[in-house]
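Structure provided below as C-alpha cells; questions to follow.
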Amino acid sequence: MARLELEDVCFAYGDREVLTHVSLRLEAGETVAIVGPNGAGKTTLLRVAGGLLTPTSGRVLLEGHDLADVPRRAAARRLAAVPAEEEAVFPFTVRESVALGRHAWRSAFGRLDEDEDGRVERALERTALQALADRTLPALSSGERQRASIARCLVQDAPVCLLDEPTSHLDLGQRMRMLRLFRDEAASDGRAVLAVLHDLNLAAYFADRIVLMVDAAVVADGPPAEVFTPERVEAAFGTPVYVMPHPTHGRPVVVPLDGGDA
C-alpha cells in the first residue's frame, strides 16, 4: 500500500486550472522531488497532498484512506510538512517551536514527558540548533527559522513528509546536510518524502524519483537519469542544457548553456 497517493487530481482557482489530472504514488522509504518551471503547480500539488486544499476532482489517499475522511488529529500524526517560509508571528523559542511537532501525540494542554523532551533535543541536535534553542524565532535568520521548521517536521514522527523548498534559505553545506537527513530518514525509518525543489542538481542528488510538472500537469515521472534529458529539460524550462553523469555517484548534473552554445 502506498504511503500517499493522488488519483486523477484536478484543482482550480476559479476558472484557472492549476492541477490537471495528476496521479502520483509515494511509497514507504521513497524520496521524490517535484520540479518544474514557475507556475507549473508544484506547491499547489503539495498543498492538495497535505489536505490544505481540496481537489476539484479526484482524491488523495493517505495509507489507503481518503484524506478527506481522515480526522485532522489522525492526519497530523501521519503527515508532516515544511513550508517554503517559516513565519515568526509568535515569539516562541526554537525549542518551543520544535516541540509543537509533538502536539498531535499528546492530550490537550499536555506537557512533554521525559521521552518527548528527548525527541525534541535529538531533533535540535540533528539540525544543529542546540546553541539557538532558547532564542526566539523573530531573532533568527531565515535559514535558522527554516532549520527549526525542519526539526519540527522530524520530531512529528509522521510517515509522510511534505517539503516545500526546504533548502531555499540555507547555505550550500546546510542544504546538503538537511537533504541527506531526510534521505536517511526515508532509508532507515521508511518515511516517504515528497519535496518541491527548484535546484535540479539537488533534486537529482536527493531523490529516488523526479516528478516533472509543466503547465499544471505531470509530464514525466521516473529516476533522475530518465527524467533529466537535455531535450526534456529544455522543453520544460525553455533553455538549452548539457546533462552529464556525476563522476562520483553517477546521477545527472544539469548545466545551463548560453543560447549561442546550444
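The values are calculated or read from the model by the stated rules, or taken from the named source; none is laboratory data. Note that the structure is a prediction, hence the values are computed from the model and not measured. No Cβ is skipped: glycine too gets one built from the backbone with ideal geometry, and neighbour counts run over all protein chains shown.
Go over the candidates ALA139, ALA204 one by one and state the one that is more than 22 Å from LEU52 (Cα to Cα) and without any contact (Cβ under 8 Å) to a residue 12 or more places away in the chain.
On the way: ALA204 fails: without any contact (Cβ under 8 Å) to a residue 12 or more places away in the chain.
On inspection, the qualifying residue turns out to be ALA139.
Same structure, new question: Keeping to the stretch 17-42, report how many residues are in a loop (DSSP other than H, G, I, E, B), in contact with a helix residue (DSSP H, G or I) (Cβ under 9 Å, 6 or more places away or on another chain) and surrounded by 22 or more Cβ atoms within 10 Å (Cβ to Cβ).
Number of matching residues: 2.
Which one of PHE206, PHE228 is hydrophobic (A, V, I, L, M, F, W, C) and under 24 Å from ILE150 (Cα atoms)?
Working: PHE228 fails: under 24 Å from ILE150 (Cα atoms).
Going through PHE206, PHE228 in turn, just one is hydrophobic (A, V, I, L, M, F, W, C) and under 24 Å from ILE150 (Cα atoms): PHE206.
Residue by residue through the stretch 207-247, note down the ones that are touching a residue at least 60 places away in the same chain (Cβ under 8 Å), small (Gly, Ala, Ser) and assigned to a strand (DSSP E or B).
Residue satisfying the conditions is ALA217 alone.
Might you let me know whether the stretch 182-203 holds any residue that is touching a Ser or Thr at 6+ places or on another chain (Cβ under 9 Å), farther than 21 Å from ILE150 by Cα and aliphatic (A, V, I, L, M)?
No.
Also, I was wondering about something else. Quick check on my filter: what residues within the stretch 131-162 are among the β-branched types (Val, Ile, Thr) and part of a helix (DSSP H, G or I)?
Answer for the stretch 131-162, where residues must be among the β-branched types (Val, Ile, Thr) and part of a helix (DSSP H, G or I): ILE150, VAL155.
So is HIS103 in a strand (DSSP E or B) and surrounded by fewer than 16 Cβ atoms within 10 Å (Cβ to Cβ) or not?
no
From the residues in the stretch 58-81 that are surrounded by 15 or more Cβ atoms within 10 Å (Cβ to Cβ) and of a type outside the set (A, V, I, L, M), which one is nearest to ASP8 (Cα to Cα)?
Among them, the one singled out is GLY58.
Quick check: anything in the stretch 64-74 under 21 Å from THR167 (Cα atoms) and assigned to a strand (DSSP E or B)? Please lay out each step first, then the result.
Residues of the stretch 64-74 under 21 Å from THR167 (Cα atoms): none.
Checked the stretch 64-74: no residue is under 21 Å from THR167 (Cα atoms) and assigned to a strand (DSSP E or B).
Can I ask one more? Where residues in the stretch 198-223 are within 21 Å of ALA28 (Cβ to Cβ) and touching a helix residue (DSSP H, G or I) at 6+ places or on another chain (Cβ under 6 Å), which of them is surrounded by the fewest Cβ atoms within 10 Å (Cβ to Cβ)?
It comes out as ILE210.
I need a count of the residues in the stretch 163-205 that are more than 17 Å from ALA123 (Cα to Cα), touching a Gly at 6+ places or on another chain (Cβ under 6 Å) and either assigned to a helix (DSSP H, G or I) or modelled with pLDDT of 95 or more (or both).
0
While we're here: Every residue in the stretch 133-176 that is closer than 16 Å to ASN201 by Cβ and surrounded by fewer than 18 Cβ atoms within 10 Å (Cβ to Cβ), please.
Within the stretch 133-176, SER168, ASP171, LEU172, GLY173, MET176 qualify.
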